[in-house]
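> Below are the structure tokens for one structure; questions will follow.
The values are calculated or read from the model by the stated rules, or taken from the named source; none is laboratory data. On a predicted model such as this, the values are computed, not experimentally measured, just so you know. Don't worry about glycine lacking a Cβ; one is built from the backbone with ideal geometry, like all the others, and counts go over all protein chains shown.
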Number of protein chains: 4
Amino acid sequence: MNTFGNIFRLTSFGESHGPGIGGVIDGCPAGIVLDTDFIQAELNCRKPGQSKLTTPRKEDDEVQFLSGIYEGKTTGTPIGFIVWNKNQHSSDYDNMKNVFRPSHADYTYQSKYGIRDPRGGGRSSARETISRCVAGAIAKLVLSQKNISIQAYTSQVGSIKLEKNYTQYDLARTEENAVRCPDAAKAEKMAKLIMEVKAQGDTIGGSISCVIKNVPVGIGEPAFGKLHAALGHAMLTINAAKGFEYGDGFDAGLYWGSEHNDIFYNNNGQIATRTNHSGGIQGGISNGEDIYFRVAFKSVATILMEQPTVDVTGKETVLCARGRHDACVLPRAVPIVEAMAAMTILDYILLNQAKQV
Amino acid sequence: MNTFGNIFRLTSFGESHGPGIGGVIDGCPAGIVLDTDFIQAELNCRKPGQSKLTTPRKEDDEVQFLSGIYEGKTTGTPIGFIVWNKNQHSSDYDNMKNVFRPSHADYTYQSKYGIRDPRGGGRSSARETISRCVAGAIAKLVLSQKNISIQAYTSQVGSIKLEKNYTQYDLARTEENAVRCPDAAKAEKMAKLIMEVKAQGDTIGGSISCVIKNVPVGIGEPAFGKLHAALGHAMLTINAAKGFEYGDGFDAGLYWGSEHNDIFYNNNGQIATRTNHSGGIQGGISNGEDIYFRVAFKSVATILMEQPTVDVTGKETVLCARGRHDACVLPRAVPIVEAMAAMTILDYILLNQAKQV
Amino acid sequence: MNTFGNIFRLTSFGESHGPGIGGVIDGCPAGIVLDTDFIQAELNCRKPGQSKLTTPRKEDDEVQFLSGIYEGKTTGTPIGFIVWNKNQHSSDYDNMKNVFRPSHADYTYQSKYGIRDPRGGGRSSARETISRCVAGAIAKLVLSQKNISIQAYTSQVGSIKLEKNYTQYDLARTEENAVRCPDAAKAEKMAKLIMEVKAQGDTIGGSISCVIKNVPVGIGEPAFGKLHAALGHAMLTINAAKGFEYGDGFDAGLYWGSEHNDIFYNNNGQIATRTNHSGGIQGGISNGEDIYFRVAFKSVATILMEQPTVDVTGKETVLCARGRHDACVLPRAVPIVEAMAAMTILDYILLNQAKQV
Amino acid sequence: MNTFGNIFRLTSFGESHGPGIGGVIDGCPAGIVLDTDFIQAELNCRKPGQSKLTTPRKEDDEVQFLSGIYEGKTTGTPIGFIVWNKNQHSSDYDNMKNVFRPSHADYTYQSKYGIRDPRGGGRSSARETISRCVAGAIAKLVLSQKNISIQAYTSQVGSIKLEKNYTQYDLARTEENAVRCPDAAKAEKMAKLIMEVKAQGDTIGGSISCVIKNVPVGIGEPAFGKLHAALGHAMLTINAAKGFEYGDGFDAGLYWGSEHNDIFYNNNGQIATRTNHSGGIQGGISNGEDIYFRVAFKSVATILMEQPTVDVTGKETVLCARGRHDACVLPRAVPIVEAMAAMTILDYILLNQAKQV
């Protein structure tokens, strides 16, 4: 279950403190110019140490491609890649080897496998998302040829929330602040909250919103391959994700049908809808309108304060995490949300191509 | 994409007004006593006409098994089944043949395939969920041997919402009212709202919550096979679903890490957590606590009032639906949520078995 | 594992003496005119009782479509179908309920599942191939739009073997005799042998050859998706198949490289090869030449003579089969080979479409 | 399609002259002691330069593990690995950049993808099998815990063929000669033939046989997951494979049913068969007897003599390969056959576990 996708498929590997994090991308169309600067820039977006809001841990993550490229272009064969782990402080985890960190995956991995790599969370570390960023960046390169764009942004930190719809923000301003929030005033409040929480060794969660533009009509499959189900699945595989909604989402229940229905009209020869409560997907298939959704993230489980817990023998004990950790995962999760969205949309576009005569 | 699951797999077929709705269940363990009364009872839970809250459409859905059973037991070979369509009023849909109903799948199916069965929504009809109920009922039979129980209930209709956690209700009382809500007082209010909405030819949405008990520790797969991602995917494939959250879900962002973390302790030799913000899943793997989640549903798209729309040529027109429709899908969606949960949990239990030496 | 294919997928169900044999075809392109006469004719090719060479068992197999078709065309949604079992003589199998027939699947199914349907071999019966014929016929309808044709024929019965290459026969004459062999003289000898074997209550095997014309260049996938590996897998799933070879097959080892290599030349602007030892596939991908292969079949396991065996408790006993059985499966397996070839080629053509930008 | 397997899955990547050949193994059970000496020894078996029979090309293939291992044991998480390419003479291929080598994959890859890596055959190179050796070695480590052994050997080179059944050879002697043939006299003749062919710049093919012992009863799946179909598929994905047969294979057609049927008897409380024409698999499921099969390989396509061909523009030209090539691929393919068999058997054993309650 370390493979994602049907046609455009990422198989990922790697642990936080092992030799590296990498993957194999299978099913990437041939002839795509591999813009390595772009890919590296995408990867840099997720790396720690970008601002004082994130962990001071330095991870100079550089991707090395291992196959599937010839004279700068994809060849249609699998693209292997690796980001070597450097600057790992495995000793930070010595005291956790036999102890289960609360709300981490230590206990569940140990129970499932009877063994686990405790250094930095091993496979359950958020470093696993590196491979998603790389594959997502390549998916974006393919999608950009089809004029499809994907933009995610932080829409909530703690109780500070963007109240307006994405159409009312200039999403191009997302990268102007360290929180990755297109509303500068809210961003400042969010940043302040994160610093406050951090000062206490604590952590905070929130939500990320994402908008996908120019997906053609007809992408998505009936029944179990609904496009929003694929997007939801993709988002919920991101570490710390707790929920997913698209279109009006959980608020949809508040509307009556007559308010919620999106009325079709003829927009200069193109069928369009006057509203977009549906979030660009109807019956599981894209209708040509903007696709938008929101992902909930919990606060980071690692806090720099004492917590009671148990060790591998079941004995109760007390744990105090050391190390360099994020107080809020949101800003660094923005590129991951985009990467997963890009892979999903591309995969379903390719899948749709397979269904034609 | 009409197949769901990895090991326990349902492949479904059928349209609303075609000969029938059915499916093939592959990977069901052998030797399970097929309690057909139980399966039929599960199916009856989703059928229309159970109360005045739901559509007066009568669908005497009876399942006929076509294979995979010998002397009342599953044989390990594929279980084919069909529920024959009866009592279809295809003429109700004559005026919709060339018109796209707002917020339905008519336009997207037509665009994707260049052809569609317009009678009763064809494949996109909620009758498709019949096959899920049958497969879910069989999954429940297998899970009951492992003492695993699944209980869903209506937790919100419009703005009427259960405020308390599932632990504070007697879920056994869910079936005591037509809304399938364990809080009798709230249920009454919800029913009143539905009748009000219905009187106006309108519709309303809400949310369904679900609790799964006694899932052993260790179910779920790392990375892209996280148990909650599988559950989220499963739920989002249900017609009209708009969102999914587990554990604290979208509220998780409001908690600081020190509040949200679930502290481990030794409960008479068994490791347990003092709280369950995680919703029974940590790092994508079950931790032995109750699994709970919530699914958002929009209002039914078919309303009995005039709506502007376009026809297949793009010409603007006006549509007024006829026929017998639900004003609120929630009560009838409760068994679907349970069915999808049952299939997912069983599938992942079987998958976990495959990973042992 | 009752699903075949990646994009064009058949999920099959059904036992020999259960209600029926059927399946679900998912991923069939939309808009295909469903020529039911053609499909029924294909099905008739495999049915017993066509000549004195085959079993006198009468199986009036008529396919009933259950979904996926609207106004005579495929809609892109799953095509459910069933062929109801009739004329079953289950009592013929009463004496086999607790006995393992030699070289049948009785013992292995019983061991694997702890239960089995003993009537007519249950799921392991050759009646299971009915669903392949139906799906294969539909695949042929799609392929015929691309001018791709598939022709199989009996090339060996016992030691009577066609010595010449397929190019030296008029394959259109295959259906002129009951053996389905394009060489009339050899066909007569084969028929005589089959009657001889049959007279003794015994059975005989042989091989079937198959030629696929007009597959475009580029179909097949690197590494584990090689086209010939997919074809081989497909053929080896047919009951009684014991081997598969393509191009020069097992004889390839006899040639030196300088003899075996297929020299490329320019055939009026189209690259072609002067010989076709490769069998139309190079590096796992079609090269535009004819694809041809051969499948070995063992003699039917059911013989009408006494055989020692054991019962389910392991006690040694003697079995004498009753019932109406084929003395030679070859003639009736010809349409199955074509059906599996059609499904495989179509699946890989659709898969190839998914890999383009 | 660069992923093999259902539960124990290898995803492979890499080209002949790119940075390296590697893969990701997903689904390997946890807690397996990773005997790296054994794995390296398996890898050494396939490498060139082992004897004068094989190419003098030196490939010091050393595997580097990238993930999935902790303190010498598998952790259940994906095992990434790479073998770095060294000693590549890419300039040997300069003259082939724009020319299609006869009976290679140059033309088909170029046609499929519109681009290809021409150095050493790129992805279609036999170096791709390195990743199979590594994964196969790990599968063998797991299987050895279940006492399952796999032994392949060269059974034919050109027209020199082992006439006797595997039971009549001491397979332990396979590694005693460079041909990997358990019959020393035949091995000498085979070696002589290979040297003769090589002296002329030509190549020769043959076949490899394989025996798998101690597979428990019940492994394999009905219909499309028959164990021999999975083995056949696995073998046919190996470069230069042209055919697969198991049990009596293509000779099965010569036997009458009464000769071919394997009679069951009670062998001290264990059901067994007196003969094993079936090759250890009945109805697609293992019956506890030895599994054996044979794989046909064509002669290597690269010959050191002039051959007419065409270039990428379709212009006719003449090619003379340079470089260091095998005159016979058989000896080095023996470990690949074993590796694919090991992966397949382990995968199906794990799959079978998933079907139990």
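> Tell me yes or no: at least one residue of region D:78-101 is touching a strand residue (DSSP E or B) at 6+ places or on another chain (Cβ under 8 Å), among the charged types (D, E, K, R) and in a helix (DSSP H, G or I).
No, that holds for no residue.
> Looking at B:VAL312 and the list (1) in contact (Cβ under 8 Å) with a residue 12 or more places away in the chain; (2) hydrophobic (A, V, I, L, M, F, W, C); (3) within 7 Å of chain A (Cβ to nearest Cβ), which single condition is not satisfied?
Looking at each condition in turn, B:VAL312 falls short on (3).
> Here's a check for you: in region A:98-128, which residue that is closer than 21 Å to D:ASP26 by Cβ, within 7 Å of chain B (Cβ to nearest Cβ) and not hydroxyl-bearing (Ser, Thr, Tyr) is surrounded by the most Cβ atoms within 10 Å (Cβ to Cβ)?
Ranking the candidates gives A:ARG123 first.
> Please work out which one of (1) crowded, with 16+ Cβ neighbours inside 10 Å; (2) in contact (Cβ under 8 Å) with a residue 40 or more places away in the chain is the condition A:MET1 fails and give its number.
So A:MET1 meets the others, but not (2).
> If I ask for residues that are more than 14 Å from every other protein chain (Cβ to nearest Cβ) and part of a helix (DSSP H, G or I), which ones from region C:187-212 would you list?
C:ALA187, C:GLU188, C:LYS189, C:ALA191, C:LYS192
> Here's another thing I want to ask about it. Quick check: is even one residue across region B:213-227 among the polar types (S, T, N, Q), more than 7 Å from chain A (Cβ to nearest Cβ) and either crowded, with 23+ Cβ neighbours inside 10 Å or not in a strand (DSSP E or B) (or both)?
yes
> Which of the residues spanning region C:277-312 are more than 19 Å from C:GLY121 (Cα to Cα) and surrounded by fewer than 19 Cβ atoms within 10 Å (Cβ to Cβ)?
Selection gives C:ASP290 alone.
> Please determine whether any residue of region D:269-276 is modelled with pLDDT under 95 and of a type in the set (Ser, Thr, Tyr).
So far as region D:269-276 goes, no, none of its residues is modelled with pLDDT under 95 and of a type in the set (Ser, Thr, Tyr).
> Okay, next question. Answer yes if at least one residue in region C:344-357 is part of a loop (DSSP other than H, G, I, E, B), of a type in the set (A, V, I, L, M, F, W, C) and under 29 Å from D:ASN267 (Cβ atoms), and no otherwise.
Checking region C:344-357: not a single residue is part of a loop (DSSP other than H, G, I, E, B), of a type in the set (A, V, I, L, M, F, W, C) and under 29 Å from D:ASN267 (Cβ atoms).
> A further question on this structure: Test of understanding: among C:ASN85, C:ASN95, which residue is polar (S, T, N, Q) and within 13 Å of another protein chain (Cβ to nearest Cβ)?
C:ASN85
> Counting just the residues of region B:228-255 that are at negative phi and more than 7 Å from chain A (Cβ to nearest Cβ), which one comes out surrounded by the fewest Cβ atoms within 10 Å (Cβ to Cβ)?
B:ASP251
> Yes or no: region C:220-231 includes at least one residue that is of a type outside the set (S, T, N, Q) and modelled with pLDDT under 95.
Yes, region C:220-231 contains a residue that is of a type outside the set (S, T, N, Q) and modelled with pLDDT under 95.
> Taking A:TYR246, is it farther than 16 Å from A:VAL295 by Cα and either at pLDDT below 95 or of a type in the set (Ser, Thr, Tyr) (or both)?
no
> On the basis of being more than 14 Å from chain C (Cβ to nearest Cβ), at pLDDT 95 or above, within 26 Å of A:GLY5 (Cβ to Cβ) and out of contact with any Lys or Arg (no Cβ under 6 Å at 6 or more places or on another chain), does D:LEU66 make the cut?
So D:LEU66 passes the test.
> Same structure, new question: Every residue in region D:302-323 that is in a strand (DSSP E or B) and not aliphatic (A, V, I, L, M), please.
Selection gives D:GLU306, D:GLN307, D:PRO308, D:THR309, D:ASP311, D:GLU316, D:THR317, D:CYS320.
> Among the residues of region D:136-180, what is the count of those that are outside any helix (DSSP H, G or I) and of a type outside the set (Asp, Glu)?
Number of matching residues: 25.
> Just the residues that are more than 7 Å from every other protein chain (Cβ to nearest Cβ) and outside any loop (DSSP other than H, G, I, E, B), please, taken from region C:268-285.
Passing the criteria: C:GLN270, C:ALA272, C:THR273, C:ILE281.
> Which pairs have Cβ atoms under 6 Å, sit 6 or more apart or on different chains, and link a residue in region A:205-231 that is farther than 17 Å from B:LYS112 by Cβ to one that is surrounded by fewer than 24 Cβ atoms within 10 Å (Cβ to Cβ) and small (Gly, Ala, Ser)?
A:LYS213/A:SER149
> Given the structure, is A:ILE21 in contact with a Lys or Arg (Cβ under 6 Å, 6 or more places away or on another chain) and assigned to a strand (DSSP E or B)?
Yes; evaluated as a whole, the condition is true for this residue.
> Pairs needed: first member in region B:321-334, closer than 12 Å to B:MET96 by Cβ; second member anywhere, surrounded by fewer than 20 Cβ atoms within 10 Å (Cβ to Cβ); C-beta distance under 7 Å; at least 6 residues apart or different chains.
From residues that are closer than 12 Å to B:MET96 by Cβ, the pairs are B:ALA321/B:LEU304; B:ARG322/B:ASP92; B:GLY323/B:HIS89; B:GLY323/B:ASP92.
> Could you grab me the full set of residues in region A:2-18 that are in a strand (DSSP E or B) and modelled with pLDDT under 95?
none
> Might you check whether a residue that is modelled with pLDDT of 95 or more, within 14 Å of chain C (Cβ to nearest Cβ), surrounded by 22 or more Cβ atoms within 10 Å (Cβ to Cβ) and under 25 Å from A:ALA296 (Cβ atoms) occurs anywhere in region A:324-334?
No, every residue in region A:324-334 fails to be modelled with pLDDT of 95 or more, within 14 Å of chain C (Cβ to nearest Cβ), surrounded by 22 or more Cβ atoms within 10 Å (Cβ to Cβ) and under 25 Å from A:ALA296 (Cβ atoms).
> Related question: What single numbered condition from (1) at the interface with chain A (Cβ under 10 Å from one of its Cβ atoms); (2) in contact (Cβ under 8 Å) with a residue 60 or more places away in the chain fails to hold for D:LYS52?
Failing condition for D:LYS52: (1).
> Let me ask another. May I ask you to verify whether D:PHE13 is farther than 18 Å from D:THR344 by Cβ, aromatic (Phe, Trp, Tyr), touching a residue at least 40 places away in the same chain (Cβ under 8 Å) and more than 11 Å from chain C (Cβ to nearest Cβ)?
No: the conditions fail for D:PHE13.
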